[in-house]
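What follows draws every value from the coordinates through simple rules; no lab data is involved. Keep in mind that this is a model prediction, so the values were computed, not measured. Neighbour counts are summed over all protein chains in view; Cβ atoms, including those assigned to glycine, are modelled from backbone coordinates with ideal geometry.
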Amino acid sequence: MQIVFQCSFFLTLIHQSLLSEWTARELRKNINPADLTAFFALIKKKIRKISYDSKDVSQAKRLKPDHFQDALHAILAKRAGAQYLITRNTSDFQSLQHLIDTKIPEKL
């Protein structure tokens, strides 16, 4: 079973970490470069990268025009084979339940 966590722009699979190019882009915008380098050094052996392209972004914008980033996270999590997207913002993903289920961490 693969479960995805979406916390502070980072997606994590149980036993494995998932880092999409989109997530990396968000991290670079929001985290000090030195802290981000240290973070990646700690987890580099556990990361599986998931890429996205303009078709993914277009699909995400069609699914959720008001906040396509949520839809993009859901699309990429589904592609990675995740069973759940773990987030504290489950309400932001209600319209995306056809792609992937969401759970809060305490409900695992």
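Would you list, by chain and number, the aspartates and glutamates whose Cα falls below 15 Å from the Cα of LYS49, excluding same-chain residues fewer than 8 positions away?
GLU21, GLU26
How much length is gained on full extension from LYS61 to ASN89, taking 0.36 nm per residue of separation minus their Cα-Cα distance?
Contour length minus Cα-Cα distance gives 8.2 nm.
Where does each of SER95, SER54 land when they are ranked from fewest to most other beta-carbon atoms within 10 angstrom?
Exposure proxy ranking, most exposed first: SER54, SER95.
List LEU96, LEU85 from most exposed to least, where exposure is judged by having the fewest other Cβ atoms within 10 Å.
LEU96, LEU85
Tell me which lysines have Cα within less than 23 Å of LYS107's Cα, excluding those fewer than 8 residues away on the same chain?
Of all the lysines, those that pass the test against LYS107 - Cα under 23 Å, at least 8 places apart if same chain - are LYS78.
Around ILE47, which amide H atoms from residues at least 5 apart in sequence, or from another chain, sit under 5 Å from its own amide H, with H modelled in the peptide plane?
Distant-sequence amide H within range of ILE47: SER17.
Residue-wise, which Karplus ³J(HN,Hα) couplings in Hz belong to segment 64-76, taking 6.51 cos²θ - 1.76 cosθ + 1.60, θ = phi - 60°, and x for glycine or proline?
Working through the residues one at a time gives 8, x, 6, 7, 5, 4, 4, 5, 5, 4, 5, 4, 5 Hz.
Starting at the first residue of segment 34-51, write each ³J(HN,Hα) from the Karplus equation 6.51 cos²θ - 1.76 cosθ + 1.60 with θ = phi - 60°, in whole Hz, x for Gly and Pro.
Per residue, the Karplus-derived 3J(HN,Hα) values read 5, 5, 5, 4, 5, 4, 5, 4, 6, 10, 4, 7, 10, 9, 10, 7, 10, 8 Hz.
Show the residues, 5+ positions off or on another chain, whose built amide H is closer than 5 Å to the amide H of THR102.
The list, which skips near neighbours in sequence, is LEU85.
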